[in-house]
Amino acid sequence: EKENSLLDAIAREDFEILSIEAYVDKPLIYLDSAASSHKPKYVLDVMDEYYKTSHSNVHRGAHALAAKATAKYEWARDKVKEFV
């Protein structure tokens, strides 16, 4: 039970949407991840930074933003490849 409480606390910290109450004094519990999945704060922060500083068409431009976006895209592909 104690381990589950710790895991719940960690998940709620990482997923800000879980900090809201579904009803008065009832924490939000979201199980419908097949339709849409929520992202942890770290992922949202990285996405936000990307859209603020690097967003462009990948592999389609000769300008600085396209090069930066392509480099980030290829870096992410390499990380996924290593993971898989």
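Points worth noting:
- Condition met for Lys41 (open to solvent by 80 Å² or more (accessible area, probe 1.4 Å) and modelled with pLDDT of 90 or more): yes
- Residue ID - least open to solvent (accessible area, probe 1.4 Å), chosen from residues in region 44-64 that are of a type in the set (Gly, Ala, Ser) and closer than 29 Å to Glu16 by Cβ: Ser54
- Some residue of region 6-27 being aliphatic (A, V, I, L, M), part of a loop (DSSP other than H, G, I, E, B) and either surrounded by 12 or more Cβ atoms within 10 Å (Cβ to Cβ) or touching a helix residue (DSSP H, G or I) at 6+ places or on another chain (Cβ under 7 Å) (or both): no
- In region 65-84, the residues that are open to solvent by 100 Å² or more (accessible area, probe 1.4 Å) and hydrophobic (A, V, I, L, M, F, W, C): Trp75, Phe83, Val84
- All positions within region 54-84 that are in contact (Cβ under 8 Å) with a residue 12 or more places away in the chain and in a helix (DSSP H, G or I): Lys68, Ala69, Thr70, Lys72, Tyr73
The values are calculated or read from the model by the stated rules, or taken from the named source; none is laboratory data. Nothing here was measured: the structure is a model prediction, and the numbers come from that model. Every residue, glycine among them, receives a Cβ derived from its backbone with ideal geometry; neighbour counts consider all protein chains shown. The accessibility values were calculated without ligands, DNA or RNA, using every heavy atom of the protein model including side chains. Shrake-Rupley method; radii C 1.70, N 1.55, O 1.52, S 1.80 Å.
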